[in-house]
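The values are calculated or read from the model by the stated rules, or taken from the named source; none is laboratory data. From a predicted model like this one, the values you see are computed outputs, not experimental measurements. All Cβ positions, glycine included, derive from the backbone under ideal geometry; neighbour counts span all protein chains shown. Please note that ligands, DNA and RNA were not included when accessible areas were found on the heavy atoms of the full protein model with its side chains. Shrake-Rupley method; radii C 1.70, N 1.55, O 1.52, S 1.80 Å.
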Amino acid sequence: MDSRLDRILRRVEKPARYTGGEYGAIIKNRAEVDTRVAFCFPDVYEVGMSNLGMQILYGLKNSMPGVWCERCFAPWPDMEREMRQAGIPLYALESGDPIREFDAVCFTLQYEMSYTNILNMLDLAGLELRAERREGFPVVFAGGSCAYNGEPLAPFVDFFVLGEGEEMNVEVVREIQRAKRDGISKQDFLRRVSAIPGVYVPSFYDVEYHTDGRVASITPKNGVPEKVVKRIVKDLDQMYFPEKTVVPSTEVIHDRVTVELFRGCIRGCRFCQAGQIYRPVRSKSCETVVKQAKALLEHTGCEEISLSSLSTSDYRPLGQLCDLLLEFCEPRRTNLSLPSLRADNFSFELMERVQKVRKSGLTFAPEAGSQRLRDAINKNVREEDLARTCRIAFEGGYSTLKLYFMIGLPTETDEDVLAIAGLAYRMMKLAKETATSKRGVRITVSVACFVPKPHTPFQWEAQNSMEEFKRKIDLLKGKMPRAIAYNWHDPSTSYLEAVFARGDRRLGDVLEQAWRDGCKFDGWNEYFDFEKWMGAFKKVGLDPDFYALRERGEDEILPWNHISVGVDPEYLKRERAAAYRSEITPDCRAGCSGCGASDFLEGGVCDA
Amino acid sequence: MPKYRLVFQKTGSAKWLSHLDVMHTFARAFLRAGIPLKHSEGFNPHPKISIAHPLPVGVEGYGELLDFEADCPSLERVPELLNAALPVGLRAIRAYPPQAAASEIALALYRLTFEYDNGAPAPERLADFFAQETIPVVKRSKKGETEINLRDAYLSFVARDAGEGRIEAEVVLDAARAPVNPKYFESALAETSLKPNYMAATREKFLDSTEKDFE
Ligand code: SF4
């Protein structure tokens with residue numbers, strides 16, 4: 001393979017993406033391996049290698065005797081062209097072996113706009129796209145946050161794994177190992193694997209539709225459960241965590257060590273899917289975090305460590321944790337970064353403490369411009385808090401402020417949209433009065449188009465049309481102070497996200513058509529081709545508006561009706577009703593609102 | 001004079017790493033190996049390492065030089081400690097206090113392997129080609145395209161048949177002036193009957209102005 005690969009690598013951008021050989025990459029003795037797993041990330045190397053989940057599951061599977069799990073990323077189109085021309089099928093980075101010779105090919109689903117890359121990778125591997133046309137092994141499965149409604153991918157994957165993978169992946173891979181040993185058929189294997197809680201085999205559920213396109217029924221067969229309930233890990237301190245990871249030799253997006261603080265979120269913002277699907281909240285102890293952080297920093301030699309969670313400020317022992325980490329980090333010149341902080345004093349003081357040198361970036365996500373709309377989406381940030389924090393920051397020399405908002409939220413009026421400009425203006429004025437930085441403060445306002453997501457209180461909502469989004473973007477543009485850098489997301493991307501986020505399995509045909517027409521890397525501006533997508537919908541005969549713009553009835557059978565993240569749909573309905581009354585719901589720490597997720601825990605009570 | 005010098009190899013998959021990648025990887029490897037590098041002073045301190053004549057991406061190196069400043073407990077153990085911390089293809093060979101500054105490197109010995117899928121021409125023909133007085137090639141850089149005479153870039157070119165459709169050439173390149181990327185030896189042949197299917201390049205070692213191995 002050597003010279004063959006060299007001959008094409010010299011012609012492609014960033015060839016180091018395609019060679020493997022990094023420090024920490026796991027090479028196993030083939031004689032001791034009976035099960036080979038290709039862990040595929042449907043985006044480029046730099047994105048995939050920045051993903052903590054991938055590092056965890058890679059280490060986990062490789063900790064199993066007899067199992068060799070290797071990495072595989074989507075080749076950038078220049079490399080794909082060369083590979084196809086040279087007849088090199090998609091290969092795994094560790095061994096260089098074609099992944100079609102493996103026993104399992106698994107994908108991690110983080111983003112709807114990476115779906116065509118999955119099809120492209122299967123094809124580049126030399127595998128049939130459709131699950132029904134693939135006999136025997138490898139089996140193809142997928143997990144990750146999009147798997148909670150993976151229906152558009154149902155025709156292509158053999159099964160989904162729902163929920164946290166640390167325990168489930170071991171069970172699944174063990175089942176694959178057993179199936180190979182027993183020499184059973186794929187169908188028999190699927191029957192066996194479907195018995196593992198959290199495993200969802202879409203072909204074991206028949207879906208029927210009303211003539212208007214709504215789902216009429218979802219019927220389980222082969223004895224599978226009516227509802228597949230996601231898996232969680234109860235005790236994060238006991239959970240598998242890799243103290244050795246793969247350290248990229250070339251630049252990646254987030255080139256740093258990441259350690260999770262907790263899973264779930266106490267806040268319950270109504271637009272946020274992560275806040276629902278990762279319930280209930282569970283923490284790692286401070287000791288565990290420190291131990292894992294030290295081990296990873298020592299192993300990798302990284303210059304930066306980031307603490308990850310949905311809301312860092314809500315980690316109870318955060319102050320103590322930072323003290324302990326700084327003690328270790330400072331002498332080694334390691335930066336500590338704290339993303340997802342809230343706009344309150346405590347968080348700011350912490351930020352000051354950890355960012356001794358670089359005093360530049362201040363980032364907050366008020367999400368909505370008016371207090372009324374912030375209440376409606378249950379984003380409990382008050383402008384006073386934001387202003388107080390910004391004032392201290394500006395006085396302390398901070399020179400940039402980034403504010404993130406969404407438009408198209410349920411109950412939003414033009415007044416709410418314009419309130420974004422008002423808030424930005426007040427921050428600008430505050431900056432003028434208080435900034436000590438010589439350069440002044442550069443304020444950026446970024447506006448995203450709201451995408452209603454499954455398993456959230458807004459799962460029934462209609463998305464704003466692209467025209468409506470454009471109108472609101474322009475409306476805001478007219479009122480946004482000139483000194484503020486204003487940018488917005490492309491509504492057409494958000495529209496397609498909305499289609500696939502709440503799509504049913506008929507959309508598989510659209511995916512395949514779009515891929516055949518050349519769609520890939522849809523999350524990358526330079527490759528996103530909206531017209532091609534619209535052409536694919538037309539050819540298949542499905543209306544994208546039906547999925548994005550239609551308000552669903554609360555009694556409608558949704559395509560993910562048979563999937564449970566442990567949150568009671570009745571709770572989602574209550575939350576939706578509260579949104580329409582602009583009423584906030586207290587966070588889980590202030591009081592339980594009975595979402596149902598506590599049933600996962602022993603004793604049935606959340607330790608929020 | 002830098003404090004220490006490391007001889008290292010950059011081969012196999014590591015040849016696709018850029019100069020910045022290699023610097024970054026070494027900085028981390030020193031840390032992983034428990035050898036604390038000295039850092040520069042100032043607002044944005046960076047580790048004190050530098051690499052002489054960074055290799056172009058895609059070229060292998062067997063005698064690359066990296067100067068560094070660190071508190072080394074034992075210089076002899078440095079290669080062993082580093083090798084346990086380096087990725088595939090980067091290998092530390094030996095560390096020593098240097099006698100000459102890297103700026104005194106005058107020449108570099110390259111090995112070029114020309115691969116012909118349908119049988120190689122006689123090595124003399126390649127040698128004759130590269131013995132011509134003017135060999136125009138178009139050099140591409142960020143500033144645009146310029147035509148250079150490749151013949152000015154090397155002192156000697158000795159070719160031999162290496163079997164299996166391959167011709168191997170030892171080329172002494174001038175390293176003191178702006179060094180030329182060895183890929184131009186392939187592009188020089190592009191429009192001729194000697195055009196190979198592929199050319200692999202390896203930098204064997206650096207030489208001083210008397211053609212002795214550079215230490
Ligand atoms: S059960 Fe109560 S405390 Fe637990 S996640 Fe749900 S609302 Fe929050």
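Could you work out [θ]222 nm for chain A from helices alone, using -39500 (n - 2.57) per DSSP H run of at least four and dividing by all its residues? Round to the nearest 500 deg cm²/dmol. Write out the running numbers ahead of the final one.
On the way: 20 runs with 214 residues, N = 608.
The per-residue figure over chain A is -10500 deg cm²/dmol.
Rank A:I377, A:I26 by accessible area, highest first, at a 1.4 Å probe radius? Please report the intermediate quantities before stating the final value.
Numbers: A:I377 0, A:I26 50 Å².
Sorted by accessible area, descending: A:I26, A:I377.
The loop-placed GluC sites (Glu not before Pro) in the range A:159-237, going by DSSP, that have at most 13 neighbouring Cβ atoms within 10 Å of their Cβ come out as A:E226. The phi torsions of the range A:173-188, fed into the Karplus equation with coefficients 6.51, -1.76 and 1.60 and a -60° offset, translate into couplings of 5, 4, 5, 5, 4, 5, 4, 5, 4, 7, x, 8, 6, 4, 4, 5 Hz, rounded to whole numbers, with Gly and Pro shown as x. The sum of -39500 (n - 2.57) across all DSSP H runs of n ≥ 4, divided by the residue count of chain B, sets its helix-only mean residue ellipticity at 222 nm to -4500 deg cm²/dmol.
Report, as an integer, the average count of C-beta atoms from other chains found within 10 Å of each Cβ along B:12-21.
Details: counts 4, 14, 5, 6, 14, 6, 6, 0, 2, 6.
Neighbouring Cβ atoms belonging to other protein chains average 6 per residue here.
Residues whose amide H comes within less than 5 Å of that of A:I443, counting only those at least five positions distant or on another chain, are A:L401, A:A485 (H built at 1.01 Å from N in the peptide plane). Working ranking of peptides A:185-198, A:472-485 by packing, defined as the average number of other Cβ atoms within 10 Å per residue, highest first, is A:185-198, A:472-485. Taking all protein chains together and a 1.4 Å probe, the residues A:F73, A:F530 rank A:F530, A:F73 from largest to smallest accessible area.
Each residue was assigned an accessible area with a 1.4 Å probe, and for A:M239 the value is about 20 Å². Scalar couplings 3J(HN,Hα) for the range A:425-440, obtained by applying the Karplus form with A = 6.51, B = -1.76, C = 1.60 to θ = phi - 60°, are 4, 5, 5, 5, 5, 4, 5, 4, 6, 10, 5, 10, 5, 4, 7, x Hz; x denotes Gly and Pro. Each Lys and Arg Cβ is given +1 and each Asp and Glu Cβ -1; about its Cα centre, the range A:91-242 then shows a dipole of about 340 debye.
For the protein assembly as shown, the Cα gyration tensor yields ellipsoid semi-axes of 49, 34, 27 Å (square root of five times each eigenvalue, largest first, whole Å). About its Cα centre, the protein assembly as shown has a charge dipole of approximately 1320 debye under the convention of +1 per Lys or Arg Cβ and -1 per Asp or Glu Cβ, with nothing else charged. Restriction of the GluC sites (Glu not before Pro) in the range A:534-605 to DSSP coil positions whose beta-carbon has at most 12 other beta-carbons within 10 angstrom yields A:E551, A:E583.
Is the shape of the range B:1-111 best called rounded, prolate or oblate, per the rule: a/c under 1.5 gives rounded, else a/b larger than b/c gives prolate, else oblate, with a ≥ b ≥ c the square roots of the Cα gyration tensor eigenvalues? Walk me through the numbers before you get to the answer.
Numbers: a/c = 1.38, a/b = 1.23, b/c = 1.12.
It is rounded, given that a/c, with a ≥ b ≥ c, falls under 1.5.
Applying both filters, DSSP loop and at most 13 other Cβ atoms within 10 Å, to the GluC sites (Glu not before Pro) of the range B:45-140 gives B:E133. Toward the positive end of the charge dipole of the range A:2-229, with +1 on the Cβ of Lys and Arg and -1 on the Cβ of Asp and Glu, the farthest Cα among A:V224, A:P152, A:F189 is that of A:F189. Residue ranges A:201-207, A:368-374 sort as A:368-374, A:201-207 when ordered by packing (mean number of other C-beta atoms within 10 Å per residue, highest first).
Peptide B:27-33 shows a mean partner chain C-beta count of 5 within 10 Å per residue C-beta.
Across the range A:248-264, rounded Karplus estimates of 3J(HN,Hα) from the backbone phi angles (6.51 cos²θ - 1.76 cosθ + 1.60, θ = phi - 60°) give x, 8, 10, 4, 10, 5, 10, 9, 7, 7, 10, 10, 6, 9, 7, 10, x Hz, Gly and Pro being marked x.
Taking amide H as placed 1.01 Å from N in the peptide plane, the amide H of B:M199 sits under 5 Å from that of B:E115, each at least 5 places away or on another chain.
Based on DSSP, what percent of beta bridges with both residues in the protein assembly as shown are antiparallel, to the nearest 5? Each step should come with its number before you reach the end.
Values: 62 of 110 bridges.
Counting only bridges with both partners in the protein assembly as shown, antiparallel ones make up about 55 percent.
Between the residues A:A462, A:T288, A:Q177, the greatest Cα displacement towards the positive end of the dipole of chain A, with unit charges on the Cβ of Lys, Arg, Asp and Glu, is found for A:T288. With a 1.4 Å probe on protein heavy atoms only, work out how much accessible surface B and A bury together, total over both chains, in Å² to the nearest 100. In total, chains B and A hide about 2100 Å² from solvent.
For the protein assembly as shown, the solvent-accessible area works out to 42 Å² per residue, with a probe of 1.4 Å and every protein chain left in place.
Its Cα centre serving as origin, chain B has a Cβ charge dipole (Lys and Arg +1, Asp and Glu -1) of approximately 740 debye.
Within chain A, what whole-number % of the accessible surface is contributed by carbon and sulfur, with the 1.4 Å probe and all protein chains included in the calculation?
On the way: 11320 of 23630 Å².
Here it works out to 48 percent.
With contacts taken as Cα pairs under 8 Å at a separation of at least 6 residues, chain A carries a relative contact order of 14 percent.
What's the average, rounded to a whole number, of partner chain beta-carbon atoms within 10 Å of each residue's beta-carbon in A:246-255?
Details: counts 1, 6, 4, 16, 9, 4, 0, 0, 0, 2.
What the average comes to for A:246-255 is 4.
Between the listed residues A:I99, A:Q513, A:L236, the Cα displaced farthest toward the positive end of the dipole of chain A, a dipole computed from Cβ unit charges relative to the Cα centre, is found at A:L236. For the range A:2-229, DSSP calls about 30 percent of its internal beta bridges antiparallel.
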